[in-house]
Amino acid sequence: MDKYEKVIELAKRRGFLWNSFELYGGAAGFYDYGPLGSTLKRRIEHIWRELYVIHEGLMEIETPTIGIEEVFVASGHVGGFSDPLCECKKCGEAFRADHLVDDIVEVADALSNTELDALIRNNDIKCPECGGDLGDAYEFNLMFRTAIGPGSGRAGYMRPETAQGMFVNFQRLLKFYRDKLPFGATQIGKSYRNEISPRQGVIRLREFTQAEAEIFIDPRDKTHPNFERFAGTVLNLYSEHGQEHGTTLQVTIGDAVKQGIIAHEFLAYHIALTNHFLRRVGISPDHLRFRQHKKNEMAHYAIDCWDAEIKTDRFGWIEVVGIADRTDFDLNAHAKTSKTELSVYIEYDEPEMVTSFVVKPEMGKLGPAFKGKAKDVADALKAMTREELEQDGITVVVDGEEFIVSPGLVKFTEETVKVSGETVVPHVIEPSFGIDRILYCTMEHAFNEEMVAVHEGRDGKESKDPKEESRIVFKLQSEVAPVQVAVLPLMTKSELIGPANKIVALVRDKGLLVSYDDSGTIGRRYRRNDEIGTPYSITIDYESLDDRSVTIRDRDSMDQVRTPIEGIEDLIYELVYGGREFKTAGTPV
RNA sequence: GCGGCUGUAGUUUAGUGGUAUGACAUUGGCUUCCCAAGCCAAUUACUCGGGUUCGAAUCCCGGCAGCCGCACCA
């Protein structure tokens, strides 16, 4: 049993992760979050919100998970999110159909399946593996398609990323942030990709949770006002250059920007912020690196892109966050498809005097002369140069039809105007988090199987080494642990249960998630809580009845302290959220 | 989507034509019980569908899921 299996087994058994639709045999690529899994996920998301929404000021929005066709036509997903495949009839091997004809035509990826089939047949292309005949090309579209409304309806797609919902709200967001760059929005939500073969548990899902930020910045100024905060942070950088030599660099974020390893401060800041987040949810730093996309794997619109990768026991380094400079690609694409300008007006510090050539068609005269064509004629005139307009009879071609415009119908001058600013299309910095993968990694990194001493006075139990036995302990950060404190009466006796219930109520009022457990022996209950990562356990014993004190046990060290019941709720809160040291919580037992 | 292997309680495991073995876990009880202790009792399973057969967990076919390999991963 490898670590992945152990973690997934524990996750299933204890209510973190379940296969979806198990009752009906299940479906690959879907997972349910059980009671503890949901809570763990919420706590991770909560930390993300604290960092990105509260501290960075990137307000959260929520947009539909179904998108209309236009959105994904503009984003390129309708065209580019599917690949033509064709299979060998003999050996069953599948190939990218467009790659098979790459050498024959220039733009193979622009061809339809019918064109690809024709090319494959006419050029007598055979299976590269076995030489067998190839079947017809067919599309693998990774988007879930649906219909909006009754009947055949309007085409809709489940969103493959939350990002588009933020891009299409650009104008609203711009007004919300009072027309000033930089600004941004975040969204935490489900996205959908109809993966061909999702087979790595929660690592590759057909429905998954993303936490994305889209930050719109001035393309001419990619510095970050708060860069100093992280300039000294040392990260494992696996740069494009490093990948060629198989070396990971330990450098500060400041130096990485200075040496040109990371394209600019703004991107670097978000790489460091990502690191901060991942560390806080419990990813161990020596299993974390940032890998730069190589030029040939980077999407054509990005200038620099780094993935946070976490090392897992079974899958090796897996991508959990992508931090990309998407430039103005998305805004331009939506501007073009929607025929709406998506830009920001930026005022200069000092207005500039700009001299330019201006054409002014006399619409009052053009209208009667050209009727319905007047506007087209005027537009054509505006595009002309001074030389063209100075001729006696100006010839304008509209829709293949020639029109003669007499000189009196159009005026033109050199004008010097005061320009106090300009419109720019912002660039987008996008940190995109795969929450499900991060959640799995926190579980794997928290998962520990350790040998602990067997206490004396126990009888009957035989093992290879009678002094030790193994315990499974989920060393989750106390901030993300689903159950934050367990309340355990030493024995199932009403005189102990009474005070225990009072403590449960006290701690609940503090907003902490507490589990009460009086079933089985105390040791078993400690182990149960170790397994689900409960950081602290309060035990009520007979001494509690005499002096109103209880013991608190620390999950990781198994040490105990004794402390008064009075104020215990504040103490636990500080231990969980305030970073208070366990040793200071009471007198050692 | 293709090929190979696999599928028995919550977990793990025995059984290879006659409805299922054990362990751990879980639940209730006893015990002044602080690290999976002990004792008593209880609950829980043949992945699903079809076929062969008097009878299928067992043999055959198919679906689903898992693992491995191929392909895919904007």
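Quick one: of the DSSP bridges fully inside the stretch A:483-588, what percent are antiparallel, nearest 5?
Among the beta bridges of the stretch A:483-588, antiparallel pairing accounts for roughly 60 percent.
For the residue pair A:F21 and A:K126, what label-to-label distance in nm results when each label sits 7 Å from Cα along the Cα-to-beta-carbon direction?
Result for the modelled spin labels: 4.1 nm.
May I ask for the distance between the Cα centers of the stretch A:487-563 and the stretch A:153-229, given as a whole number of Å?
The distance from the Cα centre of the stretch A:487-563 to that of the stretch A:153-229 comes to 43 Å.
Would you mind computing, in nm to one decimal, how far apart the modelled labels at A:R13 and A:Y542 are, each placed 7 Å from Cα along Cα→Cβ?
Output for this residue pair reads 3.4 nm.
What whole-number distance in Å separates the alpha-carbon centres of the stretch A:241-272 and the stretch A:25-58?
Here the answer is 29 Å between Cα centres.
Hey, can you rank A:528-539, A:252-263 by average C-beta count inside 10 Å, highest first?
Highest to lowest by the protection proxy: A:528-539, A:252-263.
FRET efficiency for A:N296 and A:Q200, Cβ-Cβ distance as r, R0 = 25 Å, nearest 0.05?
0.50
How much area per residue is accessible in the stretch A:483-588 when the probe is 1.4 Å and only protein heavy atoms are counted (Å²)?
On a per-residue basis, the stretch A:483-588 sits at 46 Å².
Say R0 is 41 Å: what FRET efficiency, to the nearest 0.05, do A:N169 and A:S519 get from their beta-carbon distance?
That pair, A:N169 with A:S519, gives E of 0.20.
Which residue, A:G135, A:V487, A:F315, has the largest displacement toward the positive end of the dipole of chain A when charges sit on each Cβ (Lys, Arg +1; Asp, Glu -1)?
Of A:G135, A:V487, A:F315, it is A:V487.
Assign unit charges at the C-beta atoms only (+1 for Lys and Arg, -1 for Asp and Glu), then state the dipole size of the stretch A:349-424 relative to its Cα centre in Debye, rounded to the nearest 20.
Approximately 460 debye in magnitude.
Is it possible to state the helix-based mean residue ellipticity at 222 nm for chain A, with each DSSP H run of 4+ residues giving -39500 (n - 2.57), the sum divided by total residues, to the nearest 500 deg cm²/dmol? What is it?
Taking each H run of at least 4 residues, the total per residue is -8500 deg cm²/dmol.
FRET efficiency for A:E422 and A:E387, Cβ-Cβ distance as r, R0 = 22 Å, nearest 0.05?
Taking R0 as 22 Å, the efficiency between A:E422 and A:E387 is 0.20.
Want the number for A:I404 to A:R229: 0.36 nm per residue separation, take away the alpha-carbon distance, what's left?
56.4 nm is the gain from fully extending A:I404 to A:R229.
Where a ≥ b ≥ c are the square roots of the eigenvalues of the C-alpha gyration tensor, would you call the stretch A:138-271 rounded, which needs a/c under 1.5, or, failing that, prolate if a/b is larger than b/c, or oblate?
The shape class here is oblate.
I'd like the carbon and sulfur percentage of the solvent accessible area for chain A, probe radius 1.4 Å, heavy atoms only, ligands and nucleic acids excluded.
Solvent-exposed carbon and sulfur of chain A make up 49 percent of the total.
When a/c reaches 1.5 or more, the comparison of a/b and b/c decides; with that in mind, is the stretch A:483-588 rounded, prolate or oblate per its Cα gyration tensor?
Here the stretch A:483-588 falls in the rounded category.
Just name one of A:V397, A:G421, A:A383: the one whose Cα is farthest towards the positive end of the charge dipole of the stretch A:349-424 (beta-carbon charges, Lys/Arg +1, Asp/Glu -1).
Ranked along the dipole, the leading option is A:V397.
Please sort A:269-279, A:32-42, A:494-504 by packing, taking for each peptide the average over its residues of neighbouring beta carbons within 10 angstrom, highest first.
A:269-279, A:32-42, A:494-504
Of the trypsin sites (Lys or Arg not before Pro) in the stretch A:373-416, which ones lie in a loop per DSSP and count no more than 13 other C-beta atoms within 10 Å?
Sparse-neighbourhood loop trypsin sites (Lys or Arg not before Pro): none present.
Is the stretch A:224-290 rounded, prolate or oblate when judged by the Cα gyration tensor, a ≥ b ≥ c being the square roots of its eigenvalues, rounded requiring a/c under 1.5 and prolate requiring a/b larger than b/c?
Judged from the Cα gyration tensor, the stretch A:224-290 comes out oblate (a/c at least 1.5, b/c at or above a/b).
I need the semi-axes of the equivalent ellipsoid of chain A: take the C-alpha gyration tensor, multiply each eigenvalue by 5, square-root it, list largest first in whole angstrom.
Equivalent-ellipsoid dimensions as semi-axes: 60, 32, 22 Å.
Assuming 0.36 nm per residue, please report the length gained on full extension of the stretch A:T584 to A:V53 beyond their Cα-Cα distance.
Length gained between A:T584 and A:V53: 187.9 nm.
Report, as a whole number in µm² per second, the diffusion coefficient that Stokes-Einstein gives for the stretch A:349-424 at 4 °C and 1.567 mPa s using the Kirkwood radius over alpha carbon pairs.
94
Any idea what the dipole of chain A comes to, in debye rounded to 20, about its Cα centre with Lys/Arg Cβ at +1 and Asp/Glu Cβ at -1?
Computed about the Cα centre, the dipole is about 1820 debye.
Could you tell me the center-to-center distance, by alpha carbons, between the stretch A:352-373 and the stretch A:303-335 in angstrom?
Between the Cα centres of the stretch A:352-373 and the stretch A:303-335 lies a distance of 48 Å.
The values are calculated or read from the model by the stated rules, or taken from the named source; none is laboratory data. Here the structure is a predicted model, which is why all the values come from computation and not from measurement. Glycine gets a Cβ as well: all are built from the backbone with ideal geometry, and neighbour counts include every protein chain shown. These accessible areas exclude ligands, DNA and RNA; they are computed on the full protein's heavy atoms, side chains included. Shrake-Rupley method; radii C 1.70, N 1.55, O 1.52, S 1.80 Å.
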